[in-house]
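Trainee: Got a structure for you, written out below as structure tokens; questions coming shortly.
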Amino acid sequence: MSATNKQSEVEFVALVALTTSLGALSIDAVLPALPDIGESFGIADGNALQQIVGILFLGLTIGQLAYGPLSDRFGRRPLLFIGMAVFVLSSLVCILADSLAVMFVGRFFQGAGAAALRIVPMSVIRDRYDGAAMARIMSLTMAVFIIVPCIAPMLGQGILMLAGWQSIFWFMLVLTCASGFWVWTRQPETLPVERRSAGSLVSVRDGLVATLLNRKTRAYTIASGLMMGTFMAYVMSAEQIYRDIFETGDLFALYFGVGAGFIGIASLANARLVESYSPELICRAALFGVILVSGLAYVINDIAPLSLYGFLVLISIVFFCFGFTIGNMNAIALQPLGHIAGLANSAISFLSGCIAMVIGSVIAGTFNMTVAPLFFGIFATSLLSQLILMLADRQQMVTGA
């Protein structure tokens, strides 16, 4: 059976968003279960349990480098199904894990499978759309992608109330199979045979060089990695922030969702804004907002520790501004390289993922029972991102390229 029916744009966005959000689900639905998993394996160190999230990011980052070139060679659908199969099998490993080491193995390969669910759909978007239309579709997809982290912890908490932590992984497994069936029946191949690359080492090398040497692509990729690193730091330390600092207990999932939800709201707004303003202008304005609010939050917290609701207000404003950055940055970085979309998407995602993993781990690792490291990390990385984009724009004005 193959997909032959013509899709509406609404169905296409929904399908792509569901597929890409499976990776986000695998990250955030597990957060409420970290204490239970730690108890099962006899691990009490919260910073060690953070790596159940961090190791998935490692697999995600490494896996992203392979799926793009392979999808350019063999088509989008086969690689998407391979990624789904890896994700399902690794979920079984997590379900059967009897130690933290086995859990790490399962989570690494879960990330490797999720890499296909992130890379291939983005290449499908680039196959079908261009320019402002591509930025709009990516923003809509990103909105759903970000909404998932808002509801995933609450979903995970609800599952925990009914069954053990293993049931969260069963849920992911079943949802991935359902998504795979939808792709099989409704999503046609978007890369015709005549447009596929030869897949030789030379073409891969040339494609990587083209990606890395393009000034705009390079600048926006680095900026995207820095900003994603701050969100990764928040995700990794959120359980400790809400439960250990603010003592929210099982309401952690609700408060986490409120903060992250503002990214989804901004992403939806961005889908409209890119029709009137350039993605570059929106990115720069949003970064200014992140710098201003995170810096202010750090100063306020230094004067007097923030309350739960004070933290929620400030982090929500930060994430609202944040929601105007990642989708636009990815679209801008990919725009000049549509002729090698799969390979370029992999290179962009790999580089930004490496940066995000380092930044996120460093910020989260400095957790000291205050929110100061998080806000300072957000301020520093957003300021650096702004400087990188300003320098790239200035060089482009001077050289005209």
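The values are calculated or read from the model by the stated rules, or taken from the named source; none is laboratory data. Computed from a predicted structure; not experimentally measured. Heads up, the Cβs are rebuilt from the backbone with ideal geometry, glycines too, and the neighbour counts pull from every protein chain shown. Accessible surface areas use protein heavy atoms only, side chains included; no ligands, DNA or RNA. Shrake-Rupley method; radii C 1.70, N 1.55, O 1.52, S 1.80 Å.
Trainee: For region 271-296, give me each residue that is more than 18 Å from residue 226 (Cβ to Cβ) and either outside any helix (DSSP H, G or I) or modelled with pLDDT of 95 or more (or both).
Mentor: 274, 275, 276, 277, 278, 296 - these are the residues of region 271-296 that are more than 18 Å from residue 226 (Cβ to Cβ) and either outside any helix (DSSP H, G or I) or modelled with pLDDT of 95 or more (or both).
Trainee: In the list 296, 308, 312, which residue meets the criterion of being over 13 Å from residue 376 (Cβ atoms) and open to solvent by 20 Å² or more (accessible area, probe 1.4 Å)?
Mentor: Of the residues listed, the single one that is over 13 Å from residue 376 (Cβ atoms) and open to solvent by 20 Å² or more (accessible area, probe 1.4 Å) is 308.
Trainee: Right, residue 378: in a helix (DSSP H, G or I) and surrounded by 24 or more Cβ atoms within 10 Å (Cβ to Cβ) or not?
Mentor: Criteria met by residue 378.
Trainee: For region 6-19, indicate whether the set of residues that are surrounded by 19 or more Cβ atoms within 10 Å (Cβ to Cβ), in contact with a Pro (Cβ under 7 Å, 6 or more places away or on another chain) and not hydroxyl-bearing (Ser, Thr, Tyr) is non-empty.
Mentor: Yes; the residues of region 6-19 include at least one that is surrounded by 19 or more Cβ atoms within 10 Å (Cβ to Cβ), in contact with a Pro (Cβ under 7 Å, 6 or more places away or on another chain) and not hydroxyl-bearing (Ser, Thr, Tyr).
Trainee: Can you find, within region 117-165, the residue that is modelled with the highest pLDDT among those that are within 23 Å of residue 250 (Cβ to Cβ) and outside any helix (DSSP H, G or I)?
Mentor: This residue is 165.
Trainee: Residue 213 is checked against (1) open to solvent by 40 Å² or more (accessible area, probe 1.4 Å); (2) farther than 14 Å from residue 312 by Cα; (3) modelled with pLDDT of 90 or more and fails just one. What number does that condition carry?
Mentor: Tallying (1) open to solvent by 40 Å² or more (accessible area, probe 1.4 Å); (2) farther than 14 Å from residue 312 by Cα; (3) modelled with pLDDT of 90 or more, residue 213 fails exactly one: (3).
Trainee: Same structure again: Hey, can you tell me all the residues within region 243-286 that are open to solvent by 30 Å² or more (accessible area, probe 1.4 Å) and among the hydrophobic types (A, V, I, L, M, F, W, C)?
Mentor: Correct list: 245, 246, 251, 254, 258, 262, 265, 268, 269, 273, 281, 285.
Trainee: Name the residues in region 241-255 that are over 17 Å from residue 152 (Cα atoms) and of a type in the set (Asp, Glu), would you?
Mentor: 244, 247
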